[in-house]
Amino acid sequence: MKNNTGKCLILLGCIIFFACCKNPAKNNSADNSDPVYRSQPSLKKVTDQIMQSPNNADLYFRRGEILEGMHLDSLAVKDYIKASNLDTNKAEYYSAAGNLLFESKDLTGSLKWIQKAIAKNPEDLKARLKIAKLFLYIGNHQKAIDQINIVLRKNVYNPEAYFLKGMVFKDMKDTAKAISNFMTSKEVSPEYRDAYLQLGLLYSNKKDPIALKYLDDAFMLDSNDVFPIYAKGVYYQTNKDYVTAKEEFRKCILRNNHYVDAYFNMGYILMQQDSVQKAYRQYDIATRIDYANPTAYYNRGVCGEMLDSVKQAIADYRKAMALDTGYISPKLALKRLKVKF
């Protein structure tokens, strides 16, 4: 999960339901004409099987799993729904469609399919946790907790349930209860990495140095993700230990030189230390890594203006505005410089 829970409803568009016809084999052939269905051996094999047995729900479900693994989500959802239409008794078909729609942020569509899964199988704890996440996303905390409690009554050792409950309390700004549930989550499952991350972030907000231990633990559990290193840098930066903060950001960049947030933070610290030229270089790198980031251009413009490169600063402010027409800071900068937007 991300650090801050988003609250949005994004419609994926209409899912086309193909009506059954008198000649199912012919209709199925049209459905499966997309070349992607034969783009790799496993897909070709199951598609050929579908052509032979067009009413076999399990074949569509299996192909949906392959498509999902290839990140072809819209086609995967279509196959999951086809499977559920052919066999209305399999809760896992409904759950698969709901899970994928949830990951695609189609919360309205997801809720419908996950509810169908629970109706078929009230013991589907994963589906209940997914519904709890949906309620968390829309800010209905009590309904989220109700679903989580159902899961915990069935399985008191479910680490995801405690973690999700912690996220609900975090969203409610109840830090003590959030920490308590994250602690339980990691105690139940010592390798539940997200719990360590959240503990690190919450204790970091409290400026408690124990945050560093939890962030180190999280990094040890997955050294491919440099976020814990970055978060340690933020901890030191917040506590104005700029020397150590820069060390952490450098470590972050050495492991992942495309981690743009580390360049932003380095630039900020360098500006606090009156190293504007060095800060400019950090923001310049940020614009090359994330060329559509308006803040990178604005910050580079601020440094350029401080270095008396006014023409370049104006160009950066205009670029920032072009990328985000609602961005106020570059507008104010251009107004201050008395130039047209």
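Just a few scattered comments:
- Failed condition for Y157, given (1) surrounded by fewer than 18 Cβ atoms within 10 Å (Cβ to Cβ); (2) of a type in the set (F, W, Y); (3) touching a Phe, Trp or Tyr at 6+ places or on another chain (Cβ under 8 Å): (3)
- Matching entry among N149, N181 (being polar (S, T, N, Q), in contact with a Gly (Cβ under 8 Å, 6 or more places away or on another chain) and over 30 Å from D241 (Cα atoms)): N181
- Test: residue in segment 190-207 that is crowded, with 16+ Cβ neighbours inside 10 Å and in contact (Cβ under 8 Å) with a residue 40 or more places away in the chain: yes
- Looking only at segment 92-109, and only at residues there that are without any contact (Cβ under 8 Å) to a residue 40 or more places away in the chain and more than 17 Å from R63 (Cα to Cα), the one that is surrounded by the fewest Cβ atoms within 10 Å (Cβ to Cβ): E103
- Taken together, F249, F264 contain a single residue that is assigned by TED's automatic domain parsing to the domain that holds F219 and surrounded by 18 or more Cβ atoms within 10 Å (Cβ to Cβ), which is F249.
- Each residue in segment 110-137 was checked for being touching a residue at least 40 places away in the same chain (Cβ under 8 Å) and either buried (at least 21 other Cβ atoms within 10 Å of the Cβ) or among the charged types (D, E, K, R) (or both), and 1 pass.
- Among the residues of segment 130-142, the ones that are closer than 17 Å to K112 by Cβ and outside any loop (DSSP other than H, G, I, E, B) come to 7 in all.
- The set of residues from segment 271-286 being crowded, with 19+ Cβ neighbours inside 10 Å, touching a residue at least 24 places away in the same chain (Cβ under 8 Å) and of a type outside the set (F, W, Y) comprises M271, A279, A286.
- For segment 213-230, the tally of residues that are crowded, with 23+ Cβ neighbours inside 10 Å and of a type in the set (G, A, S) stands at 1.
- Per-region count, segment 35-44, residues surrounded by fewer than 15 Cβ atoms within 10 Å (Cβ to Cβ) and part of a helix (DSSP H, G or I): 6
- Selected residue (only one of Y327, Y259, Y297 is under 21 Å from I229 (Cα atoms) and within 27 Å of the chain's Cα centre (by Cα)): Y259
- Listed by position, the helices (runs of 4 or more DSSP H) inside segment 262-325 whose residues that are over 25 Å from A245 (Cα atoms) number at least 1 are 294-306, 310-323.
The values are calculated or read from the model by the stated rules, or taken from the named source; none is laboratory data. This structure is a prediction, so every number in the text was calculated from the model and none was measured. Cβ coordinates were reconstructed from backbone atoms using ideal geometry, including for glycine residues, and neighbour counts include every protein chain displayed.
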